[in-house]
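The values are calculated or read from the model by the stated rules, or taken from the named source; none is laboratory data. Here the structure is a predicted model, which means the values were calculated and not measured. Glycine gets a Cβ as well: all are built from the backbone with ideal geometry, and neighbour counts include every protein chain shown. Each accessible area value is taken on the protein alone, full model and side chains, heavy atoms only, with ligands, DNA and RNA left out. Shrake-Rupley method; radii C 1.70, N 1.55, O 1.52, S 1.80 Å.
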Amino acid sequence: MIRILKILFLFYFLSCGRNINIYFLVSLSGPEKVYGKEAEKGIKLFYERIKNKKIKGKKINVIIRDIESDINKIKEIFDEIKKDRNSFLIIGPEISKFAIFASLIAEKNKIPLITPTATNPLVTEGKNFVFRLTYTDIAQGSYLAKFAIRNLKKKKAIILFEAQNPYSEELSKQFEAVFNKEGGKILFKAFYLKGDTSFSKHIENFKKYKPDLIFIPGYVKEVSMFIKKAYKKGLNITFLGGDGWYSPLLISSLKDLWKEGVEAFITSPFSPFDTSKNVIKFVNDFKNKYKEIPSFVSALYYDAFNLSVYIIENLQKIDREEFVKNLTNLKNFTGVTGRISFNGKKDPNREVFILKPEEEGFKFITKLYFE
């Protein structure tokens, strides 16, 4: 009996550490499942590249867990992760409110976590083991302001933001600060509430200021309505927005205006129409597998997985703290979502894509990288 127990113990000991388990926390059900299903596509596409790869004799093992768009489910999954001797890294969740909660548990237990898509600054703030792959709302506002001044040469702007919306308010605040610092002038600032459709008074008031740019850090429904009414009332100037505009609905609902040459630009963490070789290959591979064009969520999860494997491959030993150290010091990693560096931080310096809404879709204009 003792000999059998010894053999069983030896087998268990040797099997421990055989895999490098990467957990992906995504919403495959519940209200946020649209994001989780897009994330899953990017994960599975990259896994096809490395499913037979071994790093220092260990195999990358992908464990996708459905958080069910629920914080309690996240806690339950973390209990599983903490018991897993081979657990090494967490990628996700997609949405800021879930990522903030997950980041607190990951930090407490010293488990590296990378959120590809959550933008709220609180996700990484004050943490050593938590990283973000996309830009923050603060960074996005700064990029938009610099693009307006340096690239569009627009120096007189009006801001129209959605009140009681942290995303819109943060973008508005940062855009204003950087736009003024860059030599521009905010002529007027106004707000609307979610669901508003009547912008006539705003438009007539804005016309008096004679701006050359209107910045609207909002979402598609209200943005589309405002641009449509503004154009109809003769306020035909350049419109600027964040990634909250990125939706097929913006293209379809304003199709006639894009035909007329209405000019607008938005930021995005990814463009499937970028002409770089790695993006072209990614898009072709994605289309071959899923028969569709990849979203920025799929692209960011693909890059987070790619980046993680790259770091693990270059570790001297498979160790969580070594992983965190190497990722923190990463410089100039090129993924399908652009050039990424952490430079000693947990939020990246990264390229931002500028897109132009047109009749056929979102046209790739350029990539920006401001230090």
Worksheet, complete the sentence: Classified through the alpha carbon gyration tensor (a ≥ b ≥ c as square roots of its eigenvalues; rounded if a/c is under 1.5, else prolate when a/b is larger than b/c, else oblate), the range 265-371 comes out oblate
Discussion item. Between Val34, Val297, Val283, where does the largest GNM mean-square fluctuation fall for the chain, given springs only between Cα atoms within less than 10 Å?
Written reply: Val34
Worksheet item: Along the range 110-125, what does the Karplus equation 6.51 cos²θ - 1.76 cosθ + 1.60 (θ = phi - 60°) give for ³J(HN,Hα), rounded to whole Hz, x for Gly and Pro?
Response: 6, 10, x, 9, 10, 9, x, 10, 6, 9, 5, x, 5, 4, 9, 4
Fill in: Nearby aspartates and glutamates by direct alpha-carbon distance to Lys54 (threshold 14 angstrom, same-chain neighbours under 8 apart not counted)
Glu313
Item to complete: Heavy atoms only, probe 1.4 Å: what % of the accessible area of the range 303-370 goes to carbon and sulfur, would you let me know?
Response: 38 percent
Worksheet entry | Nonlocal amide H pairs with Gly335, under 5 Å, H built at 1.01 Å | Ile340
Practice prompt. Could you go through the range 148-154 in sequence order and give the Karplus-derived ³J(HN,Hα) for each residue, using 6.51 cos²θ - 1.76 cosθ + 1.60 with θ = phi - 60°, rounded to whole Hz, and x for Gly and Pro?
Written response: 4, 7, 7, 9, 8, 6, 9
Worksheet item: If you roll a 1.4 Å probe over the range 53-117 with all protein chains in place, what percent of the accessible area is carbon or sulfur?
Response: 47 percent
Worksheet item: By its C-alpha gyration tensor, with a ≥ b ≥ c as the square roots of the eigenvalues, how is the range 129-222 shaped: rounded for a/c under 1.5, else prolate for a/b larger than b/c, else oblate?
Response: oblate
Worksheet item: Rank Thr366, Thr238 by accessible area, highest first, at a 1.4 Å probe radius?
Response: Thr366, Thr238
Item to complete: Count charges around Ala106 for me, please; just the other residues with Cβ under 14 Å from its Cβ, Lys/Arg as +1, Asp/Glu as -1.
Response: +3
Worksheet item: With the other protein chains left in place, how much accessible area per residue, in square angstrom, belongs to the chain at a 1.4 angstrom probe?
Response: 47 Å²
Fill in: Of all accessible heavy-atom area on the range 178-242, the percent that carbon and sulfur account for (1.4 Å)
53 percent
Discussion item. Could you derive backbone 3J(HN,Hα) for the range 27-33 from the dihedral phi with the Karplus parameters 6.51, -1.76 and 1.60 (θ = phi - 60°), listing whole Hz in sequence and x where the residue is Gly or Pro?
Written reply: 8, 8, 8, x, x, 9, 5
Discussion item. If you take every residue apart from Glu351 with its C-beta less than 9 Å away from the C-beta of Glu351, what net charge results, scoring Lys and Arg +1 and Asp and Glu -1?
Written reply: +3
Item to complete: Rank these residues by their accessible area, most exposed first, probe 1.4 Å: Glu32, Glu222, Glu360, Glu204.
Response: Glu360, Glu204, Glu32, Glu222
Worksheet item: Under 5 Å between amide H atoms, partner at least 5 residues away or on a different chain: which partners does Asn343 have, H built in plane at 1.01 Å?
Response: Leu330
Practice prompt. Heads up, I need the accessible area for Lys331: 1.4 angstrom probe, whole protein in place, Å², nearest 10.
Written response: 140 Å²
